[in-house]
Amino acid sequence: MRIVAGRARSGFTLLELMIALTLTAVALAIASSALGAAWIARDTVTAHREQLEQETRLREALTDMLRHAPRAEFTSEALLHIVNAQNGPVQLTFLSQGVRAPYGSGSIWRVVLTSGADGTTLDAEPVGTAHDGTQLHSTVHSLSVVRIQALEAATHNERPRWRDDWPLERARPAMIAVHFQNDRDHPPLIVALDPLANAQTVSMVLRP
């Protein structure tokens, strides 16, 4: 009886190749999904950080501009005006001589804070003969102002009162309160315009 030796295997069978390809495809799919999730998380964190930076810059700029008003005798315009429209945009217009670049400390600037369905916009431009076309424009879509209030100066006979308008063109209120749509995430911005205003008056801010 003669025994014939079998040939040695020189490659994979079709079934083994299909299994290997399937496992490779599954591993690539898992890796691609994990990588995609990591990219989404990175983009979400980046967008959130940029949003917070925009909100912080707007609040800081608005605070600084509100605190540095020109003297009434240097301008014929109203120093501050408030519009709380029920079916329209909320708007705060005031004059400023801010001390930070680029709006400097020399020229008088007209600053307009407008808030509607698309977010909040801060516009500023110099007024008077020195106006050279320079303008500032900033929009934060994540912030929505729902109410702006002005605090009357305290008198000897009456306690200071918050109001939703400001009819005095040649005088400024003791404080300005800017209320945002979601005050849990965006607490009201309260800016003291009168150095005599203190923490007790801040507690009197009315909720919208």
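Structure above, values below:
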{"item": "Count of the range 26-78 residues which are surrounded by 11 or more Cβ atoms within 10 Å (Cβ to Cβ), of a type outside the set (S, T, N, Q) and farther than 30 Å from VAL127 by Cα", "result": "4"}
{"item": "Top-ranked residue of the range 69-84 - restricted to ones that are assigned to a loop (DSSP other than H, G, I, E, B) and farther than 18 Å from ILE148 by Cβ, ranked as nearest to the chain's Cα centre (by Cα)", "result": "PRO70"}
{"item": "Qualifying position, being over 14 Å from ILE148 (Cα atoms), assigned to a helix (DSSP H, G or I) and out of contact with any Gly (no Cβ under 7 Å at 6 or more places or on another chain), among LEU122, LEU35, LEU62, LEU66", "result": "LEU35"}
{"item": "LEU95 vs. criteria touching a residue at least 40 places away in the same chain (Cβ under 8 Å), crowded, with 18+ Cβ neighbours inside 10 Å and out of contact with any His (no Cβ under 7 Å at 6 or more places or on another chain)", "result": "no"}
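Read-outs: derived from the displayed coordinates by stated rules, not from any lab. None of the values given here were measured: they were computed from a predicted structure. Ideal geometry is used to build each Cβ from the backbone, glycine not excepted, and the neighbour counts take in all protein chains shown.
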